[in-house]
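These notes are about the structure you will find just below.
The values are calculated or read from the model by the stated rules, or taken from the named source; none is laboratory data. All values derive from a computational prediction rather than experimental measurement. Cβ: placed from backbone, ideal geometry, glycine included. Neighbour counts: every protein chain shown. Heavy atoms of the whole protein, side chains included, go into the accessibility calculation; ligands, DNA and RNA do not. Shrake-Rupley method; radii C 1.70, N 1.55, O 1.52, S 1.80 Å.
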Amino acid sequence: MTTASPGTGPSLLRQAVMAPNLLSILRLAGVPVFLWLLLGPHADGWALAILVFSGLTDWLDGKLARWLNQMSRLGQLLDPAADRLYIVATLVAFLLRDIIPWWAVAVLLLREAVAGICLLVLRHNRFEPPEVTYVGKGATFVLMYAFPLLLLVQGDSTAAAVAAPLAYAFTIWGGVLYVWSGALYAAQTLLAVTRDRRDRRREAAG
């Protein structure tokens with residue numbers, strides 16, 4: 001984990017018009033539409049399409065950033081922000097629709113709160129945000145598959161019956177990985193802050 005330093009890269013506007021970041025911005029813009037579709041007209045089909053689109057663009061923006069050599073600081077912030085917003089929005093909507101139990105939502109939202117506190121602590125101590133781990137990215141990937149499947153099983157069709165075992169398996173697997181990744185972020189934050197304070201005390205004593 002590294003300390004924050006002033007950037008010397010492209011301006012914020014130039015970063016925003018890069019193809020990968022445009023996809024992330026478009027993904028973010030879909031969050032309120034997704035919520036309205038689920039909680040307003042209960043248009044689950046269109047909500048499902050937005051979730052699928054979000055999952056595809058989540059995969060594509062990372063690929064484009066590497067292919068086009070357009071890795072940017074803005075992209076490093078937008079991509080996880082979009083992931084978290086979709087997860088939180090989906091959890092809230094599914095709770096209000098009684099699609100998943102309240103305790104499962106509480107556990108996953110608590111993980112988000114812990115991750116948010118870690119970011120604040122790191123920023124206060126002048127550290128960069130923690131890099132996305134394979135566990136965290138894998139958890140998000142699994143949940144972004146679980147959520148569309150959970151929407152699909154709300155009907156009485158044959159497809160819903162077939163999808164049910166997959167939906168619950170992905171939800172449990174993704175939830176466990178998501179909580180585990182939050183614990184890893186908390187451990188990284190604690191270790192970084194503890195080491196930093198210890199080094200400062202040594203410098204002051206020396």
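Looking across the stretch 148-163 at every residue that is touching a residue at least 12 places away in the same chain (Cβ under 8 Å) and part of a helix (DSSP H, G or I), the one that is farthest from Ala47 (Cα to Cα) is identified as Ala163.
Somewhere in the stretch 72-81, is a residue basic (Lys, Arg), part of a helix (DSSP H, G or I) and within 17 Å of Pro20 (Cβ to Cβ)? Checking the stretch 72-81: at least one residue is basic (Lys, Arg), part of a helix (DSSP H, G or I) and within 17 Å of Pro20 (Cβ to Cβ). When the stretch 98-107 is filtered for residues that are open to solvent by less than 50 Å² (accessible area, probe 1.4 Å) and either touching a helix residue (DSSP H, G or I) at 6+ places or on another chain (Cβ under 6 Å) or assigned to a loop (DSSP other than H, G, I, E, B) (or both), the ones remaining, listed by number, are Ile99, Ile100, Val105. Only a single criterion out of (1) touching a residue at least 60 places away in the same chain (Cβ under 8 Å); (2) surrounded by fewer than 13 Cβ atoms within 10 Å (Cβ to Cβ) is not satisfied by Val121, namely (2).
Condition test on Leu110, is it within 17 Å of the chain's Cα centre (by Cα) and surrounded by fewer than 17 Cβ atoms within 10 Å (Cβ to Cβ)? Taking the combined requirement at face value, the residue satisfies it. Of the residues making up the stretch 39-76, just one is among the charged types (D, E, K, R), surrounded by fewer than 20 Cβ atoms within 10 Å (Cβ to Cβ) and closer than 20 Å to Leu150 by Cα, namely Asp44. Looking across the stretch 124-141, the residues that are open to solvent by less than 100 Å² (accessible area, probe 1.4 Å) and among the charged types (D, E, K, R) come down to Glu128, Lys137. Summed over the stretch 159-175, residues that are open to solvent by less than 80 Å² (accessible area, probe 1.4 Å) and within 21 Å of the chain's Cα centre (by Cα) total 6.
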